[in-house]
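The values are calculated or read from the model by the stated rules, or taken from the named source; none is laboratory data. Please read these numbers as outputs of a predicted model, since none were measured by experiment. Cβ atoms come from the backbone with ideal geometry, glycine included; neighbour counts cover every protein chain shown.
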Amino acid sequence: MTVSLVITLLLLPIVVAQDKYYDRRYDYFEIDYFVNNPRLLKKYLDCFLDQGPCTPIGRVFKQVLPEVISTACKKCTPLQKRFTKKAFNAFKTTLPEMHQELKKKYDPQNKYYDAFEKAIASA
């Protein structure tokens with residue numbers, strides 16, 4: 001019994017540490033190409049708003065987006081915060097109407113979005 005307790009205590013930090021940040025697999029996504037391509041921005045917003053198909057990467061981003069907004073990007077790495085800041089600034093300036101739809105969809109009661117924007121602003 002004590003052996004299983006020791007093993008559990010040794011493995012617990014590994015399991016907890018895995019939840020600290022989002023998957024880093026897409027940390028080197030071509031963000032500058034993305035934000036300078038209005039057609040691509042629209043495709044991703046269509047995905048996030050359930051108005052069009054999602055790419056495999058879009059599905060991953062869409063899956064974590066509600067938590068990213070509601071927790072003010074708490075589990076984002078610094079690089080992910082910079083990525084998010086650039087992407088959302090591009091959404092806001094290039095496709096402002098769709099950006100508003102995104103806000104309404106993922107924060108319908110307007111509880112989290114201001115804190116989310118503040119959290120990524122310093123990235």
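Kindly evaluate Asp50 against the criterion of being among the charged types (D, E, K, R) and either touching a Gly at 6+ places or on another chain (Cβ under 8 Å) or part of a loop (DSSP other than H, G, I, E, B) (or both).
Values: among the charged types (D, E, K, R): yes; either touching a Gly at 6+ places or on another chain (Cβ under 8 Å) or part of a loop (DSSP other than H, G, I, E, B) (or both): yes.
Against the criterion (among the charged types (D, E, K, R) and either touching a Gly at 6+ places or on another chain (Cβ under 8 Å) or part of a loop (DSSP other than H, G, I, E, B) (or both)), Asp50 qualifies.
When Lys92, Lys42 are checked against the criterion of being farther than 21 Å from Ala123 by Cβ, among the charged types (D, E, K, R) and either surrounded by 15 or more Cβ atoms within 10 Å (Cβ to Cβ) or in contact (Cβ under 8 Å) with a residue 12 or more places away in the chain (or both), a single residue qualifies: Lys42.
Go through Lys81, Lys75, Lys104, Lys86 for me and flag whichever is part of a loop (DSSP other than H, G, I, E, B), of a type in the set (D, E, K, R) and either in contact (Cβ under 8 Å) with a residue 24 or more places away in the chain or closer than 19 Å to Cys47 by Cβ (or both).
Values: Lys81 fails: part of a loop (DSSP other than H, G, I, E, B); Lys104 fails: part of a loop (DSSP other than H, G, I, E, B); Lys86 fails: part of a loop (DSSP other than H, G, I, E, B).
Exactly one of Lys81, Lys75, Lys104, Lys86 is part of a loop (DSSP other than H, G, I, E, B), of a type in the set (D, E, K, R) and either in contact (Cβ under 8 Å) with a residue 24 or more places away in the chain or closer than 19 Å to Cys47 by Cβ (or both), namely Lys75.
For the criterion of being under 16 Å from Tyr22 (Cα atoms), touching a residue at least 24 places away in the same chain (Cβ under 8 Å), surrounded by fewer than 17 Cβ atoms within 10 Å (Cβ to Cβ) and not basic (Lys, Arg), Leu49 fails.
Right, Val15: buried (at least 16 other Cβ atoms within 10 Å of the Cβ), over 14 Å from the mean Cα position of the chain (by Cα) and modelled with pLDDT under 95 or not? No.
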